[in-house]
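**Q** I have a structure here, written as C-alpha cells, and I will follow up with some questions on it.
The values are calculated or read from the model by the stated rules, or taken from the named source; none is laboratory data. Keep in mind the model is a prediction, meaning the values are calculated, not measured. Cβ atoms come from the backbone with ideal geometry, glycine included; neighbour counts cover every protein chain shown.
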C-alpha cells in the first residue's frame, strides 16, 4: 500500500516504472478525478471492503501497480499530466472495439482505477492499449460493473455520501493497522532512527481513504472511479 511517507520517498519509489515509452500531454482527460484539485465530501467512518479495490486480479494497494498492470494487460504508453497536487501518471487500456476503457492512475498519494463506456475523446486517448481482457463484463471483485442500476450499486457499496440524479459519491476514511511486513520495511528504511515507542506511535496505524464516484446515463452505470490511499 502506497503511503505519504516523505522520508521513504528516495528509497521506495512508488512512481518508478520502466516502460518503453512515456509521454507528457495536456489536461483534457475529463474522466480524471485528479485533473482539478477540488475539495471532496467530508469522509464518513465506514469501512470499504477491499474487494472494491480489486479488478481483473489487480489490487490498487499494490506498490508496483503499474508494473503489475502492464504484465497483466500488456505494455501501454505511460502518460503524465499535471503537476504538484494535480500531477498524475496513467496507463490506459481499451476494449477491442474501443467502447470500454479501463484506466489506472497514480497521484501523490492516490491510486485510482476508472472504468467507463464511450464518452468524449481526449488528447492521448489514441495511446490506449487494446486488450481482449477489457470488455463490457469487467467488474471489481465486489461485483461492480457497467450497466448496473443505482439500487444495484448501493446494494454493494451502501449509502452514498452524496446522491444526485445521475451520480453517487462515496467518501470514506478509516484507521487501519499496518501489516507486519510493511511495518518491518518502514523500520528498515527509517533514517530518523525513532525510538521503538515513537516508531510504533507513528506507524502502527494509518488512515485509509476511499473515494468512489459512479455516474449514470439512462439509469445505467456508465462511469466508475475508485480511489484508494493511505497516510500516516
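**Q** For the stretch 101-183, which strands (runs of 3 or more DSSP E) that fit wholly inside it have 3 or more residues that are touching a residue at least 24 places away in the same chain (Cβ under 8 Å) and closer than 23 Å to residue 70 by Cα?
**A** 110-117
**Q** Given the residues 100, 94, 79, 69, which is the only one that is modelled with pLDDT of 95 or more, crowded, with 16+ Cβ neighbours inside 10 Å and farther than 19 Å from residue 22 by Cα?
**A** Of 100, 94, 79, 69, the one residue that is modelled with pLDDT of 95 or more, crowded, with 16+ Cβ neighbours inside 10 Å and farther than 19 Å from residue 22 by Cα is 100.
**Q** Would you check if residue 113 is at pLDDT below 95 and closer than 27 Å to residue 178 by Cβ?
**A** It is false that residue 113 is at pLDDT below 95 and closer than 27 Å to residue 178 by Cβ.
**Q** Out of the stretch 187-220, which residues are under 30 Å from residue 166 (Cα atoms), loosely packed, with under 15 Cβ neighbours inside 10 Å and in contact (Cβ under 8 Å) with a residue 60 or more places away in the chain?
**A** The answer is 219, 220.
**Q** Looking for whichever is modelled with pLDDT under 95, over 25 Å from residue 56 (Cα atoms) and assigned to a strand (DSSP E or B) here; the options are 194, 206. Which one fits? Don't jump to the end; show me each part of the working.
**A** Working: 194 fails: assigned to a strand (DSSP E or B).
From the options 194, 206, the qualifying one is 206.
**Q** Looking only at the stretch 44-66, which residues are surrounded by fewer than 15 Cβ atoms within 10 Å (Cβ to Cβ) and at positive phi?
**A** 57
One line per residue, one yes/no per condition, for (1) under 20 Å from residue 207 (Cβ atoms); (2) in a loop (DSSP other than H, G, I, E, B); (3) touching a helix residue (DSSP H, G or I) at 6+ places or on another chain (Cβ under 8 Å):
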| position | (1), (2), (3) |
| --- | --- |
| 29 | no, yes, no |
| 34 | yes, yes, yes |
| 70 | no, no, no |
| 85 | yes, no, no |
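**Q** Same structure again: Checking the condition loosely packed, with under 13 Cβ neighbours inside 10 Å, touching a strand residue (DSSP E or B) at 6+ places or on another chain (Cβ under 9 Å) and either more than 20 Å from residue 59 (Cβ to Cβ) or modelled with pLDDT of 95 or more (or both), which residue from 134, 162 passes?
**A** Residue meeting the stated conditions: 162.
**Q** Scanning the stretch 16-43 for residues that are farther than 20 Å from residue 81 by Cβ and surrounded by fewer than 15 Cβ atoms within 10 Å (Cβ to Cβ), which turns out modelled with the lowest pLDDT?
**A** Within the stretch 16-43, the subset farther than 20 Å from residue 81 by Cβ is 39, 41-43.
Filter once more, so that each one left must be surrounded by fewer than 15 Cβ atoms within 10 Å (Cβ to Cβ): 39, 41-42.
Details: 39: 88, 41: 93, 42: 93.
Per the stated criteria, the residue is 39.
**Q** Looking at (1) surrounded by fewer than 20 Cβ atoms within 10 Å (Cβ to Cβ); (2) under 18 Å from the mean Cα position of the chain (by Cα); (3) under 21 Å from residue 32 (Cβ atoms), which is the only condition residue 106 fails?
**A** (1)
**Q** Would you check which residues across the stretch 165-186 are more than 22 Å from residue 59 (Cβ to Cβ) and surrounded by 13 or more Cβ atoms within 10 Å (Cβ to Cβ) and list them? Walk me through it before giving the result.
**A** Applying the first criterion (more than 22 Å from residue 59 (Cβ to Cβ)) to the stretch 165-186 yields 165-169.
The answer is 166, 167, 168, 169.
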